[in-house]
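The values are calculated or read from the model by the stated rules, or taken from the named source; none is laboratory data. Fair warning: this is a prediction, and the values are worked out from it, not measured in the lab. Cβ: placed from backbone, ideal geometry, glycine included. Neighbour counts: every protein chain shown. Each accessible area value is taken on the protein alone, full model and side chains, heavy atoms only, with ligands, DNA and RNA left out. Shrake-Rupley method; radii C 1.70, N 1.55, O 1.52, S 1.80 Å.
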2 protein chains.
Amino acid sequence: MVENDEFDLQDFLPYLLNQAAEESSLAFQKIYKDRYGMLRTDWRVLFHLGIYGEMTAKEIGLRASIHKTKISRSVQRLAEKRFLQRTRDAADRRSEKLVLTAAGEAAYRDLRSVAQEYDAQLLASFSEEDAVALRRMLRRLAKRA
Amino acid sequence: MVENDEFDLQDFLPYLLNQAAEESSLAFQKIYKDRYGMLRTDWRVLFHLGIYGEMTAKEIGLRASIHKTKISRSVQRLAEKRFLQRTRDAADRRSEKLVLTAAGEAAYRDLRSVAQEYDAQLLASFSEEDAVALRRMLRRLAKRA
DNA sequence: CGTTGTTAGTTACAGAATCAACTACTACCT
DNA sequence: AGGTAGTAGTTGATTCTGTAACTAACAACG
């Protein structure tokens, strides 16, 4: 019995968002993976440090809604690759200040320019109003409850 | 040196899409996980069979862009839970026809109604035009190249 | 100070994703 | 028919993720 239900999976927003997110991440993923052997969390951590400068793991986690174990492992990987420098905070010795090294900065700037081009390309077929509206709505949906 | 770059992570579409996708999937995930012990791929497979009726693993994978190993393991889990029935295709004995059992149908209908409510709730704060535009743009982004 | 509670970050273990190799079968070509 | 190539689906090795338990450090209250 092949009945075509009234429900369309393509209209279910979480599904649609995931498909769009996955598809739109593919080409960028290939680049940070091939070029620097990074994972998704790695480039996010890298970008946070590149954009905001010195931060602690905790702060990155709060800003990006990434779980602390993911951050912890990502920081380890990035430190092994000499992309960041860890320094224990003298004021609170539980936490560490994280800063990009020169190599980390270089990787960040490289990937940032890739991201900018890629973003423009993704939005190229939309009008300016559409692009603005899309970002606005996505930001609303992304807001942590 | 905490310099605020010209680059805003929140404007990078793949990042924004991922954040929105993750956030908007959370509550739904909790339900299919708590109620049926399912994973993301599991409910997707279930929905495909619920909506389109009998399909092969291959067909589901094509439609949903899910890798065949994920499907294979998901089908195993769903079969163990007696949510679907596997039958070797007589015409091509490499592939199997997959059909939901009564229990599978029930789970599908239950989750479908949850999904419908949830979707309406997610879009409640958007105007009708915005909702339409959002879906249109997401579908465009989700199109496999 | 000392006990109790909390926080930053790490680690252990189990479950899940990934990629490549594999089995079983079909299709084509001669 | 026989050989080669291709396809549907599974399995295994490795890596990644998620949860919970852990360590080390701070805070607050007596």
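When nucleic acids and ligands are ignored and a 1.4 Å probe is applied, A:R44 ends up with an accessible area of around 10 Å². Taking every protein chain into account, the 1.4 Å probe leaves A:K33 with about 120 Å² of accessible area, to the nearest ten. For A:M55, the residues whose modelled amide H falls within less than 5 Å of its own, excluding neighbours fewer than 5 places apart on the same chain, are A:L98. Between the residues A:Y32, A:I60, A:A90, the greatest Cα displacement towards the positive end of the dipole of region A:1-102, with unit charges on the Cβ of Lys, Arg, Asp and Glu, is found for A:A90. Karplus-based coupling profile of region B:53-63, in residue order and whole Hz: x, 3, 8, 9, 4, 4, 4, 4, x, 5, 5, with θ = phi - 60° in 6.51 cos²θ - 1.76 cosθ + 1.60 and x standing for Gly or Pro. If you take the square roots of the eigenvalues of the alpha-carbon gyration tensor of the protein assembly as shown and sort them as a ≥ b ≥ c, do you get rounded (a/c under 1.5), prolate (a/b over b/c) or oblate? Taking the square roots of the gyration eigenvalues as a ≥ b ≥ c, the protein assembly as shown is prolate.
Considering only GluC sites (Glu not before Pro) in DSSP loops that have at most 13 other Cβ atoms within 10 Å, the longest stretch of chain B without any of them is B:7-145. Applying the Karplus relation 6.51 cos²θ - 1.76 cosθ + 1.60 with θ = phi - 60° to region B:121-138 yields 3J(HN,Hα) values of 5, 4, 8, 4, 8, 9, 6, 4, 5, 4, 4, 5, 5, 4, 4, 4, 5, 5 Hz, where x marks Gly and Pro. Normalised by the number of residues in region A:1-129, the mean separation of alpha-carbon contacts (under 8 Å, six or more apart) gives a relative contact order of 22 percent. For region A:24-38, putting each phi into the Karplus relation 6.51 cos²θ - 1.76 cosθ + 1.60 with θ = phi - 60° gives couplings of 6, 8, 3, 5, 5, 4, 4, 5, 5, 6, 5, 6, 10, x, 8 Hz, in residue order, rounded to whole numbers and with x for Gly and Pro. Under 5 Å between amide hydrogens, built in the peptide plane, is the criterion, and for A:Q85 it picks out A:V99, A:L100, A:T101 among residues at least 5 positions away or on other chains. Under a Cβ-Cβ cut-off of 9 Å, what is the net charge of the residues other than B:Q10 that fall near it, where Lys and Arg count +1 and Asp and Glu count -1? Value of the local net charge: 0.
Comparing Cα centroids, region B:44-72 and region A:45-96 end up 39 angstrom apart. Going by accessible surface with a 1.4 Å probe and the largest first, B:R73, A:R139 read B:R73, A:R139. The modelled label-to-label distance between B:Q10 and B:R93, using points 7 Å beyond Cα along the C-beta direction, is 6.1 nm. The rotation axis that maps chain B onto chain A passes nearest to the beta carbon of this chain B residue, listed with its distance in whole angstrom: B:A21, 2. Only helical runs count toward this figure. For chain B, summing -39,500 (n - 2.57) over DSSP H runs of n ≥ 4 and dividing by all residues gives -21500 deg cm²/dmol at 222 nm.
In this structure the amide hydrogen of B:S95, modeled in the peptide plane, comes within under 5 Å of the amide hydrogens of B:D89, none closer than 5 places in sequence on its chain.
Exceedance of the 19 Å cut-off in Cα-Cα distance is limited, within the set A:K33/A:K81; B:K30/B:K143; B:K58/B:K97, to B:K30/B:K143.
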